[in-house]
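Trainee: One structure follows; several queries about it will come next.
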Amino acid sequence: MKYLKVIAFTHKQVELKELGKLVICQEDLVPKLQQVKEQFAIPEIFYLSTCNRVAFIMATEQEVDKAFAQRFIQAMNIGLCPMHMDKFMEAAAIYENMDALEHLLRTSCSLESLVVGEKEILAQVRRAYEHCREQGLTGDYLRMVMNCTVKTAKEVYTHTNISKNPISVVSLAYRKLKDLKLCSNARVLIVGAGETNRNISRYLQKHKFGNFVVFNRTLSKAQELAADLNGEAFDLEALKTYNKGFDAIITCTSATQPLITPEIYRSLLNGETDRKTIVDLAIPNDVAAEVLELFPVNYIEVHSLNEIAQKNIQERYQELVHAEKIIDQNVSEFLPQLKQRRVELAMRQVPEKIKEIRNMAINTVFADEVQSMDEQSREILEKVINYMEKKYISVPMVMAKEIMINGN
């Protein structure tokens with residue numbers, strides 16, 4: 001386990017509004033990860049970003065400490081000024097070895113989430129890993145780590161009540177939205193067509209809302225969500241010219257700068273002056289702070305849900321205990337599995353090595369003797385060698401497995 005390292009920035013150490021400074025645009029992510037992978041000779045890496053954390057999970061032999069983390073973040077070229085860099089380095093949580101595995105398991109089981117019990121985090125971790133795997137950024141080691149992560153999370157969600165009557169950031173946001181008593185024919189602008197907005201849209205649709213307009217960077221994805229909602233679809237540029245008014249904006253994108261500026265917001269109002277509602281679940285926020293200063297707004301965002309989330313943790317304390325036992329069990333089981341996998345990888349070389357020895361013996365060392373034998377004798381020799389080759393291949397395999405199982 002000496003290879004697993006995690007550099008994490010979470011809501012526990014960093015203000016949610018500040019976390020947004022560490023978010024990397026999806027378009028830039030792979031090139032940046034490939035660059036640091038090569039620069040720091042990191043064999044495997046993937047990046048995780050959610051509404052309350054940013055983390056880099058890597059497999060590397062080198063020491064990962066605060067000094068390494070600072071060089072690493074600087075190399076990512078996110079654009080942090082020195083003051084912010086110092087602040088983030090103070091807040092950085094670094095995990096190594098079994099602690100790193102435990103942290104990753106706790107994260108995927110939602111024990112480290114703003115809202116304990118939300119299942120969305122497991123899907124987010126899997127997607128983050130799969131995206132990097134498809135780009136060749138990960139290998140066999142992190143594949144095993146992810147298998148353990150998914151297995152553990154499924155056991156926690158199956159064998160505890162931690163996600164019973166699940167409370168997610170999305171559901172909390174909807175509850176606050178519901179308290180505002182919007183009428184079901186309210187005009188709702190949805191900015192971003194990702195999973196978060198899909199989920200909150202389902203809540204709204206379930207409660208008879210039906211007047212939706214979807215904006216997204218990729219128009220086809222906006223059209224897909226709009227089709228599900230029986231609404232209209234536009235690309236993000238259309239925010240600048242949309243003039244049909246609105247009652248509520250729900251926004252969650254991966255943009256690193258505010259999408260809804262005072263100018264765009266004023267244009268969207270199209271002369272209306274009544275108080276509007278904004279649900280902003282993006283990190284960093286999609287709505288510029290000046291909008292809240294200049295216009296009357298009911299504003300719901302991730303940070304404001306923190307108090308409800310803390311109450312959620314208290315209510316689920318007993319389930320946390322059960323979940324942690326499952327995590328501890330999986331952590332203790334992972335090390336033998338990892339050792340067995342290493343033996344399996346090493347044993348892959350055995351058949352090739354034995355074939356090399358066989359070919360050397362027949363074609364070089366004893367070539368003259370073999371050539372002087374009659375055909376029948378050579379056939380018998382071939383059978384004997386084939387038999388011994390198979391046996392020699394199986395013996396170390398069996399012995400290695402016995403050593404792994406019995407510890408002898």
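The values are calculated or read from the model by the stated rules, or taken from the named source; none is laboratory data. Nothing here was measured: the structure is a model prediction, and the numbers come from that model. Methodologically, a virtual Cβ is constructed for each residue, glycine included, from the backbone with ideal geometry; neighbour enumeration extends over all protein chains shown.
Trainee: Do we have LEU4 as touching a helix residue (DSSP H, G or I) at 6+ places or on another chain (Cβ under 6 Å) and closer than 27 Å to HIS303 by Cβ here?
Mentor: no
Trainee: Answer yes if at least one residue in region 6-20 is in a helix (DSSP H, G or I), in the same structural domain as ALA128 (by TED's automatic domain parsing), closer than 24 Å to ARG127 by Cβ and of a type in the set (Ser, Thr, Tyr), and no otherwise.
Mentor: Looking through region 6-20, none of the residues is in a helix (DSSP H, G or I), in the same structural domain as ALA128 (by TED's automatic domain parsing), closer than 24 Å to ARG127 by Cβ and of a type in the set (Ser, Thr, Tyr).
Trainee: Are any of the residues in region 199-207 modelled with pLDDT of 90 or more, more than 23 Å from the chain's Cα centre (by Cα) and over 23 Å from ASN52 (Cα atoms)?
Mentor: There is no residue in region 199-207 that is modelled with pLDDT of 90 or more, more than 23 Å from the chain's Cα centre (by Cα) and over 23 Å from ASN52 (Cα atoms).
Trainee: Same structure, new question: Mind checking whether some residue in region 304-311 is within 23 Å of PHE209 (Cβ to Cβ), at pLDDT 90 or above and of a type in the set (Ser, Thr, Tyr)?
Mentor: The answer is no; no qualifying residue exists.
Trainee: I've got another one for you. I'd like to know if region 41-53 contains one or more residues that are in contact with a helix residue (DSSP H, G or I) (Cβ under 8 Å, 6 or more places away or on another chain), under 28 Å from PHE334 (Cα atoms), crowded, with 19+ Cβ neighbours inside 10 Å and among the aromatic types (Phe, Trp, Tyr).
Mentor: yes
Trainee: What number of residues within region 187-213 are assigned to a strand (DSSP E or B), farther than 12 Å from CYS252 by Cβ and of a type in the set (A, V, I, L, M)?
Mentor: 3
Trainee: Can you find a residue that is within 23 Å of ASN197 (Cα to Cα) and touching a strand residue (DSSP E or B) at 6+ places or on another chain (Cβ under 8 Å) anywhere in region 85-107?
Mentor: Yes, there is a match, as at least one residue in region 85-107 is within 23 Å of ASN197 (Cα to Cα) and touching a strand residue (DSSP E or B) at 6+ places or on another chain (Cβ under 8 Å).
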